[in-house]
Amino acid sequence: MIFGHKSVLLDETIESLNIKPDGIYVDGTLGGGGHAYEVCRRLGEGGRLIGIDQDADAIAAASERLKEFGDKVTIVRSNYENIEAVLRELGIKEADGIYLDLGVSSYQLDTADRGFTYREDNAPLDMRMDQRNTETAKDIVNNYTESELFHIIRDYGEDRFAKNIAKHIVRARQEKEIETTGELIEIIKAAIPAKVRATGGHPAKRTFQAIRIELNKELEVLENSIDTMTDLLAPGGRLSIITFHSLEDRIVKNRFRTNENPCTCPPDFPVCMCGKKSRGRVVTRKPILPSEEELSENKRSKSAKLRVFEKNRR
Ligand SMILES: C[S@@+](CC[C@H](N)C(=O)[O-])C[C@H]1O[C@@H](n2cnc3c(N)ncnc32)[C@H](O)[C@@H]1O
Ligand SMILES: [Zn+2]
């Protein structure tokens, strides 16, 4: 299987991790193993990489890609929100670096029958990153209320026609269940003014993104995992996260900031009374963005932002 995926912010992420040859690193969104390959190349005696992905196709592709590193690499099919249990199972107490490269891979987007793409007409409405889950995009499109659809398309898709799109979806499904990507695309097109359709990007792009984020609970999983990942870092260890959506970036920025300074005492207290201790420091005051060169070579890097947190050295 060819996993034609260009890793986003590759050099920047590798550099941010300060890789030690004998360190333990965890990739929470292994994908095709592009970032992982560069981590593994820097590992020597005693170094290990644990790669986690919930997608069976990604696991197969990364296993092939990382084969040459033998038992330095351990690949686990799971959600990164289970990182603590995954590491415990492997007898690992702490990691020198943990990183995430969120969102979908080009492979997921390019494989029509996974249902992620609005470029294909006749795929089932699926969009599951983990094919073991039973709920699919079809369930969301056919069962959510108009108000629920409106909110996810507005908030996760940032689509200014969210209200009308939700209305059109509900109207269409009263006639017939919506089953394919093509059917959904036609409904969305009809909900967007012709003038905008001619000039903007693909009219279904934002709605598809919104449904995918909702179905895979992408924001909840991220929000619930950052503290756990921070706790799992060894002293001086680093957590590097690449986001692709403003809501994701906000979550990372805020969690990192709180973990740097968790004190909740009123500002006029002369000393801290709440006792909440800093877990480390934010390395990136501002997010690291792709270079002009990367932006011109890889469209997927367009909204990418990298933020890095360093655990206390004790
Ligand atoms: C953008 S790709 C990663 C690409 C990889 N860094 C590379 O360079 O090849 C994101 C991957 O993360 C996986 N993924 C997304 N959310 C996940 C989660 N909560 N748990 C496990 N895997 C996840 C997806 O299945 C996808 O394969
Ligand atoms: Zn305090």
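Return the residue satisfying two criteria in turn: it lies in segment 291-314 and is assigned to a helix (DSSP H, G or I) and not charged (D, E, K, R), and of such residues it is farthest from Asp96 (Cα to Cα). Explain how you work it out, then say what you get.
Step one: of segment 291-314, the residues assigned to a helix (DSSP H, G or I) are 292-297, 299-301.
Now drop any that are not not charged (D, E, K, R), which leaves 295-296, 301.
On the way: Leu295: 30, Ser296: 33, Ser301: 26 Å.
The residue in question is Ser296.
This table checks each residue for (1) in a loop (DSSP other than H, G, I, E, B); (2) in contact (Cβ under 8 Å) with a residue 12 or more places away in the chain; (3) hydroxyl-bearing (Ser, Thr, Tyr); (4) more than 16 Å from ligand 1 (Cβ to nearest atom).
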residue: Ser240; (1), (2), (3), (4): no, yes, yes, no
residue: Asp249; (1), (2), (3), (4): no, yes, no, no
residue: Thr258; (1), (2), (3), (4): no, no, yes, yes
residue: Pro262; (1), (2), (3), (4): yes, yes, no, yes
residue: Phe269; (1), (2), (3), (4): yes, no, no, yes
residue: Cys272; (1), (2), (3), (4): yes, no, no, yes
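Taking the numbered list (1) part of a helix (DSSP H, G or I); (2) away from ligand 1 (no atom under 15 Å from the Cβ); (3) of a type outside the set (Asp, Glu) in turn, Ala85 passes all entries but (2).
When segment 275-300 is filtered for residues that are closer than 19 Å to His5 by Cα and touching a Phe, Trp or Tyr at 6+ places or on another chain (Cβ under 9 Å), only Arg300 remains.
Answer yes or no as to whether Tyr107 is within 14 Å of the chain's Cα centre (by Cα) and within 18 Å of Ala61 (Cβ to Cβ).
On the way: within 14 Å of the chain's Cα centre (by Cα): no; within 18 Å of Ala61 (Cβ to Cβ): yes.
Against the criterion (within 14 Å of the chain's Cα centre (by Cα) and within 18 Å of Ala61 (Cβ to Cβ)), Tyr107 does not qualify.
What tally of residues in segment 6-58 results from selecting those that are among the hydroxyl-bearing types (Ser, Thr, Tyr) and either within 16 Å of ligand 2 (Cβ to nearest atom) or more than 20 Å from Leu109 (Cβ to Cβ) (or both)? Explain how you work it out, then say what you get.
Here is the first cut: in segment 6-58, the ones among the hydroxyl-bearing types (Ser, Thr, Tyr) are 7, 13, 16, 25, 29, 37.
From what is left, the residues that are either within 16 Å of ligand 2 (Cβ to nearest atom) or more than 20 Å from Leu109 (Cβ to Cβ) (or both) are 13, 16, 25, 37.
Of the residues in segment 6-58, 4 are among the hydroxyl-bearing types (Ser, Thr, Tyr) and either within 16 Å of ligand 2 (Cβ to nearest atom) or more than 20 Å from Leu109 (Cβ to Cβ) (or both).
Looking only at segment 274-307, residues that are within 15 Å of ligand 1 (Cβ to nearest atom) and surrounded by fewer than 17 Cβ atoms within 10 Å (Cβ to Cβ) come to 4 in all.
Readers should treat all values here as calculations from the given coordinates under stated rules, not as data from a laboratory. As the structure is a computational prediction, the values presented were derived from the model and not from experiment. As a convention, Cβ positions derive from the backbone with ideal geometry for all residues, glycine included, and neighbour counts pool all protein chains shown.
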